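Accompanying notes for the structure given below.
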Amino acid sequence: MNWFDAVHTATGRMANHKVQAFVIGVVLAASTASATLGIALLAAVNAPFQHAFAAHNGAEVTLTVDSARVSHAELVATRRLPGVTEMSGPFPETTVVVSFDGNSLGPRVLVARPSPSGPVDAVTLSAGRWPDGPGQVVLYSGDEGGAGFPVLGSSVEVSGPSGDHSLTVVGFAASVTSTADGWVNTAEMIRLQSRTAPAAQLLYRFANAGTDAQIASDVAEVKNALPPGAMTGAVSWLATERKAAGNAAIIQPFIVSFALLGLAMAILIVANVVSAAVVSQYRRIGVLKSIGFTPLHVATTYLLRIGAPAAVGCVGGVLLGNLAAVPVLHHSSGIYGVGRPSAPLWASAAAFIGMLTLTMLAALAPALRAGRLSAVGAIAAGRAPRSGHGFLAHRIAARLPLPRPVGIGLAYPFTRPSRSMVTVAAIVFGVTAVMFAVGLTSALGQVQQAQTLSSTVPVQLQLSNPHSVPTTTQDTAAVEDLRAQPGTRRYVAVYGGDTAAQVQIPGVAQSVTATAFGGDSSWLGYSLIAGRWLGAPGEVDVNSAFLADSGLTIGDSTTVSLLGTSNSTTTIRIVGEVFAPHSQPYLFANARTLPGVATQQDLQEYDIGLWPGTSVAGYIHNLNATLGGHSPWTAVRPQGSSFYGIATSLIDLLAALVAIGAGLGVLNTILMNTKDRSHDLGIFKALGMRPSQMLTMIASQVLLPALLAVVIAAPIATALTTAAVHAMANAAHSSIPASFTYVLPPYRLALVSIAGIAIALAGAFLPATWVARATPAAALRAE
């Protein structure tokens, strides 16, 4: 016997076992696709903002200037300042209120740029094209396609300094440093911009801009080169980087969890299908040895038989993985700002080499073991499972008051215990993924509600131009309109927050962001980690970062002073720790506690609660009509970060991929079982077992493994969800309320457990259907 005979036997037998080759190819394709996607996701969470910032040459400082106070030549001259390495602009800029289908989307900063490219802050088009004439606008990609948001070709209304205009949405784009919320043509900007105080935007990169101190020095250099009062605002890239890094850190634990689940599932299924394919051919191995094949010839024959369809499957899996990576990485790039919606080449190469190597290693052990068997031993091993396996289970099942097909099916897993445990493991992975997804989605929903207050504050009154300061008369008029508006139940003025107020606390090195409420704020619904919400004057709530930086605890008292005002101090007492995830310390108080924060210039918004049954859209429309076009205030539906919607979609997709992998694992096991039992199944059909009974018998084989998998998966999913939520909270520099981790109560676990049965039955469906339809002669010939 020579090597040519071994190769010829392998290829010839492969052609005669098309079903087995097909199963190996499909399972390897699914597993390699899962591995490719998992590796791509792990690569995507590795410093995504830094990669995008470098790839798009992001703006390290975004300056806003008053064009009426500085000439174009003076602005261009700043490009030659010693610390400046690159500059783009000046680009005309204006702030408008954008409305779509009668609903206000809130204030948006529009910039006129001739093209999305440039030496600084290359804007990435995600859909459509760049505006090439008046009446067109490209909006920020986060405003695309959601409920109440425009799509390509939609018309939006913009209200700005020059009145109301209608613009057609011709594209969606994103800036890695969030330099604008939309882009228009220069001709359109001339129509939109204020005639009296036109603004312009300049984008800079500097030789040294890695710290807040360096950024402050860079901004001062540019400011000193401009006429007094010309610079009206400056935004550092570090603020955007911290926010993006926070989102990346928050999403990283569950992406890593799902990636590892998918990789482990791939390893399990590959090992199972390959070893089963070799073991199922033991009888053939005995025949080959009886005609002169050596152990090495036998091992090589079956490695080649496995390797050929495996290689084809791995190639297909890499292609499928790259196709699946496009929408998944598109979702994740939306979280990080601007990213690359494709898997890196090295991820595809690693998945192909890794899965093919794993396949051959999985095949090597059973192939060598088969090569060492004697001809008689191999034939005997291929005829039936080991003596004694499952007989007791079949006898017990026969005495139970169950239909005979159900009893046979329930007892069969004990006949092949090792193969049944692989089935259990596959279902455990799938059920764990589904439970994990349900728990994470519920937890993220609570986090989103805690941060956006969407269920308690359906409407906000915001400034049309965030940089303007309304007069007392304008505020009084807006409040009167608010009180008179039908549907208004309650409201509270919000001062400071991220927009302005900074206070000093003894022992805290960095400044503290303060929010003051001008009225009863107990109904707003902030989530408390410990303690209670503030009430009496002098009481405050703080976030976890505040407690960590100050060393104080709930019940402690300290003094607070407005930043830069050393002679104005107030004693405060901490009564609660509020969920406000951020590395920056936050403090919440009422206006009587911090009158220095509750000033006209620090007025941020009015949070509004409505009576039950009030239409939010109708209320916003009517209130804006009452306020009129001359009011600096506009009623809007609060827009939370797109992070949570994207993260939830990503969780659901990853869970579905792992569940599909679990179903393939079950399908492979049932297929091997039915192949092993083809003789018995043919006899059953010859004795009169109906197709429905055959279907019931095969489906019953997976019930006990599925139930056992559900029992195992429930505590694993609960622990994994709790660990992931805590990891996300730690990444966001915060503790969490206990309710955020209690997201998989027993009733929800019981409902989700149905997924385990569904995955098992889905995997068993095709083999069971084949068995039910086969004739007795066909079943016997299949042996």
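The values are calculated or read from the model by the stated rules, or taken from the named source; none is laboratory data. Nothing here was measured: the structure is a model prediction, and the numbers come from that model. Reconstructed Cβ throughout: ideal geometry from the backbone, glycine too, with neighbour counts over all protein chains shown. Note: areas computed on protein heavy atoms with side chains; ligands, DNA, RNA excluded. Shrake-Rupley method; radii C 1.70, N 1.55, O 1.52, S 1.80 Å.
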Gain on full stretching of the segment that runs from residue 73 to residue 365 - 0.36 nm per residue minus C-alpha separation: 97.5 nm
Calculated FRET value between residue 455 and residue 132, using beta carbons and R₀ = 60 Å, to 0.05: 0.90
Förster radius 60 Å - calculated FRET efficiency between residue 614 and residue 208 (Cβ-Cβ, nearest 0.05): 0.65
Net lengthening on full extension, residue 554/residue 80 (0.36 nm per residue, minus Cα-Cα): 165.4 nm
In order through region 107-123: 3J(HN,Hα) via Karplus (6.51 cos²θ - 1.76 cosθ + 1.60), integer Hz, x for Gly, Pro: x, 9, 8, 9, 10, 9, 10, x, 7, x, 8, x, x, 10, 6, 5, 7
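So what is the relative contact order of region 509-603, in percent, for Cα pairs below 8 Å that sit 6 or more residues apart? Show your work: numbers first, answer last.
Numbers: 182 pairs, mean separation 41.4, N = 95.
It comes to 44 percent, rounded to a whole number.
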Cα gyration tensor shape of region 76-115, rounded if a/c is under 1.5, else prolate or oblate by comparing a/b with b/c: prolate
By average C-beta atoms within 10 angstrom, highest first, the peptides 74-84, 577-587: 577-587, 74-84
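If you take the square roots of the eigenvalues of the alpha-carbon gyration tensor of region 432-485 and sort them as a ≥ b ≥ c, do you get rounded (a/c under 1.5), prolate (a/b over b/c) or oblate?
Values: a/c = 6.67, a/b = 3.05, b/c = 2.18.
Here region 432-485 falls in the prolate category.
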Simple label model, 7 Å out from Cα along Cβ direction - residue 622 to residue 476, nm: 2.6 nm
Length-normalised contact order of region 53-130 in % [C-alpha pairs under 8 Å, at least 6 apart]: 31 percent
Accessible area (Å², 1.4 Å probe, nearest 10) - residue 571: 90 Å²
